[in-house]
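The values are calculated or read from the model by the stated rules, or taken from the named source; none is laboratory data. Everything quoted here is computed from the prediction, not taken from an experiment. When we count neighbours, we look across all protein chains shown, and the Cβ atoms used for this are built from the backbone with ideal geometry, even at glycine.
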């Protein structure tokens with residue numbers, strides 16, 4: 001140790017005062033004869049100043065597990081995920097489960113990343129605030145958010161009403177997997193409330209919807225959808241609002257029970273993150289689904305949660321630019337003779353334009369258009385120079401894809417199934433990015449000239 005009484009041995013006008021020197025405190029209580037190898041592995045400083053300050057950006061929870069001072073403190077740290085809006089305190093909900101008997105107070109700490117970490121809870125907390133929910137929890141992908149929620153809610157003998165078209169992963173789940181668990185499903189024309197009503201059965205448990213729909217960009221009337229669900233005793237409404245993002249539609253505020261997002265898309269926003277989120281307006285549903293998730297192990301990784309948190313901070317400015325560019329692109333395409341049809345909620349020609357005006361802040365960044373045949377569509381997407389041919393959507397770069405060949409292609413759906421869902425062979429899905437709008441239009445122009 002240094003001698004504090006020894007004078008400073010350099011000439012300086014800098015005010016030197018040892019009282020202002022930061023001294024880190026070791027968290028381990030090492031014996032005097034501890035070896036260097038042990039210190040290398042285990043030494044770490046105590047986090048300082050938590051009562052006075054906090055990081056502007058939550059740090060990444062890279063630790064998979066947490067050490068306890070006493071075994072009796074374990075129960076106090078059981079994490080249930082980020083909840084109840086701004087005060088970060090969870091009121092324990094009485095459920096018939098062993099865990100609810102253990103929890104007497106809100107959790108105050110972490111145990112193991114699968115059960116929750118400050119990285120995942122920080123991002124979930126923000127999304128919950130945006131949606132106006134009772135709680136949110138993050139998943140390893142958008143599909144894991146959807147399927148975990150399905151499996152948590154549904155049991156053998158239950159009936160689900162599903163839109164057609166729908167995200168291909170959901171289509172595959174109900175076509176090939178749900179039946180193995182005794183779950184019955186009925187596909188109905190997307191966004192058509194009366195078709196949902198006609199499909200109701202005595203065992204209908206879940207009404208599932210998308211808005212806007214993938215890939216045809218239909219817009220579901222959320223108020224009507226919620227009202228229909230409430231007319232069926234004990235039924236639950238669940239909506240995938242990935243194409244809108246919470247910036248454009250706060251789904252839960254329309255009376256919906258559960259909203260899911262692929263955070264890979266607009267919420268993350270940079271094509272470098274993979275994840276999903278489930279948020280609920282029902283505190284008991286949230287508690288149950290989040291507990292179910294823990295046992296399936298579908299939690300989002302810490303670094304993905306960090307990237308998600310970064311993406312959310314620019315969501316508003318990105319969505320405004322997406323929407324501005326999308327309107328410019330849609331208007332151009334609608335006036336082009338080689339384009340048969342354009343679907344964008346901001347166009348007056350869109351069949352759900354009035355619904356979109358009622359419930360969306362902007363009309364979003366997704367445009368679908370139909371070429372006159374499959375060959376023309378393939379030639380167009382192959383001829384683009386700035387706009388990238390790739391699946392996924394919602395990022396800063398513009399992406400196009402040909403659903404009949406790619407996301408809803410023959411390895412997932414038959415020709416008849418695509419036709420029934422309104423997925424034309426000439427249909428192109430365009431996720432409009434935040435590049436210069438005129439550059440995007442010019443890229444489309446030169447590609448259309450080659451068709």
Point to revise | Filtered residues of the stretch 140-166 (kept if farther than 23 Å from residue 243 by Cα and in a loop (DSSP other than H, G, I, E, B)) | key: 154, 155, 156, 157, 158
Practice item. Quickly run through the stretch 418-444 and pick out the residues that are without any contact (Cβ under 8 Å) to a residue 12 or more places away in the chain and over 24 Å from residue 319 (Cα atoms). Key: 419
Review point. Given the conditions (1) surrounded by fewer than 21 Cβ atoms within 10 Å (Cβ to Cβ); (2) at pLDDT 95 or above, and given that residue 393 satisfies all but one, which numbered condition is not satisfied?
Key: (1)
Exercise for review: Identify, by number, the condition in (1) modelled with pLDDT under 50; (2) part of a helix (DSSP H, G or I); (3) loosely packed, with under 14 Cβ neighbours inside 10 Å that residue 72 doesn't meet.
Suggested key: (1)
Check your understanding: Which fully enclosed helices (runs of 4 or more DSSP H) of the stretch 167-263 have 3 or more residues being in the same structural domain as residue 281 (by TED's automatic domain parsing) and more than 16 Å from residue 279 (Cβ to Cβ)?
Key -> 168-172, 193-199, 222-230
Practice item. Can you tell me which residue within the stretch 277-308, out of those that are more than 15 Å from the chain's Cα centre (by Cα) and not in a helix (DSSP H, G or I), is surrounded by the most Cβ atoms within 10 Å (Cβ to Cβ)? Key: 281
Review point. Residues in the stretch 256-276 that are over 16 Å from residue 240 (Cβ atoms) and either surrounded by 22 or more Cβ atoms within 10 Å (Cβ to Cβ) or in contact with a strand residue (DSSP E or B) (Cβ under 7 Å, 6 or more places away or on another chain) (or both): how many?
Key: 2
Practice item. Check off (1) surrounded by fewer than 22 Cβ atoms within 10 Å (Cβ to Cβ); (2) within 29 Å of the chain's Cα centre (by Cα) for residue 383 and give me the number that stays unchecked. Key: (2)
